[in-house]
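Worksheet for the structure shown next.
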Amino acid sequence: MELTQEEYLHRLRITPEELDAWLEHELVAPLPPDADGRASTPRFAESAVEEGELIRKFSALGYSLPEIQKIKRSVGLPVRDEQGRFVSRSDLLTIGELAEKSGINVRTIKFWEEKGLISPHRRTEGGFRLYKPGDVVVLSFVKDLQSFNYTLAEIGTILGLAGPDLGVTDEDLAGRPEAELGKTAAALEYLVERMREMRDASVRVETVFARRLRAVTKAIRSRKR
């Protein structure tokens, strides 16, 4: 579907002057002229409306048009997914997307970043943090370790032992001295053994709770008869 300039202005509720400024900063672009090259009034694709809505949202948050231009050139303006949510065009995640995917709020992510547990893969020209999709797993790992009552300092050490991408890759081991590898192996053996002990203890405790739950549920049912 194509829109005339007047229809485009009406859909977005902006003035011709605002549109001129968007065009000047290359935030939106009209459709190319007809194949015969004849001059015509500018026309816009339906997708340009969504881009315009995003530009308005960024402007309402206090971003200037040059700043929005930097975001668009660096990582592209977000797009809507199947659920209607805005997501990044790139393979990297904004901190908001990382929070949504991991279930951990932005404030906590920033705090863990200050403690050195996670760091952005890179930043845009405007200073926006961008994270790798694998950081979702790292955040979940940190949260799991907290459930075992590890402190953030201890978790930092454990992340170092787990290696890049939580042990998915092992290239970092190639140049390490044998003595250092031995210390790492000993520390990991201790952690593995501790997790096994906790798992066994958890199963024993769960068995007691489950048995008691069955008895309580049976008692409730018998009183309803």
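About its Cα centre, the chain has a charge dipole of approximately 2240 debye under the convention of +1 per Lys or Arg Cβ and -1 per Asp or Glu Cβ, with nothing else charged.
When its C-alpha radius of gyration is set against 2.2 N^0.38 Å (N residues), the range 102-225 gives a value of 1.51.
The equivalent ellipsoid of the chain has semi-axes of 51, 28, 14 Å, largest first, where each one is the square root of 5 times an eigenvalue of the Cα gyration tensor. Ranking V142, G52, L77 by Cα position along the charge dipole of the chain, where only Lys, Arg, Asp and Glu carry charges on their C-beta atoms, puts V142 farthest toward the positive end. Using a simple spin-label model with pseudo-atoms 7 Å out from Cα toward Cβ, R223 and A162 lie 4.4 nm apart. Between E67, E18, E197, the GNM of the chain built on Cα springs shorter than 10 angstrom shows E197 fluctuating the most.
Within the assembled protein chains, the solvent-accessible surface assigned to R11 is about 100 Å², based on a 1.4 Å probe.
Full extension of the chain between E193 and S47 gives 47.0 nm of extra length, using 0.36 nm per residue less the Cα-Cα distance. The convex hull drawn around the Cα atoms of the range 148-204, when projected onto a plane and averaged over every direction, covers 4.6 nm². Candidate cross-link partners of K183 among the lysines, defined by an alpha-carbon separation under 26 Å and a same-chain spacing of 8 or more, comprise K115, K143. The smallest convex shape that holds all Cα atoms of the range 109-174, its convex hull, gives 94 Å³ per residue.
The values are calculated or read from the model by the stated rules, or taken from the named source; none is laboratory data. Predicted, not measured: the structure shown is a model, and the values here were computed from it. Cβ coordinates were reconstructed from backbone atoms using ideal geometry, including for glycine residues, and neighbour counts include every protein chain displayed. With ligands, DNA and RNA removed, areas are computed over all heavy atoms of the protein, side chains included. Shrake-Rupley method; radii C 1.70, N 1.55, O 1.52, S 1.80 Å.
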